[in-house]
Amino acid sequence: MNRRTLLGMFLGAAALTTTAPLPAQTSGAIVFTSRRPPRELIGNMRAWASANQARTYAEDVQSHVWRVQFMAFLARPARAAEVTLVFYKVEGRTRRYITNQAVALNNPNDQVFFHQTVLHRSPDEFQPMENYEVAITVNDARGATEIARGRIGLVGVPDRHDGVVDFTGAAPVVR
């Protein structure tokens, strides 16, 4: 082997073993959890949230709601009294806006917080057997900026209709 080939192999091997700093995280994460965090949790909150992560929530069949809870790990402090939860329905590679909710923060400088909410079944909003994306945005002088994002699936029994309408009662009923 000639000197040029050896030098190229050496530089290639050095590039593979060199640890360059990773690019800064551009967005935070929302980790949906199966239970509330302990009140006096000391240690790695992200590890606790990952260990108790929920990918789907089952519908409460009596009240037709999903009780959703999550830990938000923001890319930067919100520096605002409240943030906005924005819900999107995931349809293939696109997302369609559903609704939003305001969330008051205890401390605007925190980068980690826990939140729980209730999602109601509605034909134009939340439906079982669908996937949703949740984003946390903060409004400031530059407008709304997304600072965290996560995905969740809602599980339940979808409404099934056979296309028959019953006109025997006072009001028509679709079955």
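Any read-out appearing in this document is the output of simple, stated calculations on the displayed coordinates, not a laboratory observation. Worth saying up front: this structure is predicted, and the values here are computed from it rather than measured. Glycine also receives a Cβ, built like all others from the backbone with ideal geometry; neighbour counts cover every protein chain displayed.
Data table
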{"quantity": "Residues His64 and Glu40, FRET efficiency given R0 of 22 Å [Cβ-Cβ distance, rounded to 0.05]", "calculated": "0.05"}
{"quantity": "Among 34-43, 150-159, the order from most to least packed when residues are scored by Cβ within 10 Å on average", "calculated": "150-159, 34-43"}
{"quantity": "Ranked by how many other beta carbons lie within 10 Å on average, peptides 51-57, 126-132, 105-111, 70-76 from highest", "calculated": "70-76, 126-132, 51-57, 105-111"}
{"quantity": "Rel. contact order, % - alpha carbon contacts under 8 angstrom, at least six apart, the range 76-123", "calculated": "41 percent"}
{"quantity": "Convex hull of the range 28-147 built on C-alpha atoms - directionally averaged projected area, nm²", "calculated": "8.4 nm²"}
{"quantity": "FRET E, pair Ala54, Arg93, Förster distance 35 Å, beta-carbon r, rounded to 0.05", "calculated": "0.90"}
{"quantity": "Contour minus Cα-Cα distance for Ser27 and Gln111 (0.36 nm per residue)", "calculated": "29.1 nm"}
{"quantity": "At R0 = 25 Å, FRET efficiency that the Cβ-Cβ distance of Ala47 and Arg76 yields, to 0.05", "calculated": "0.75"}
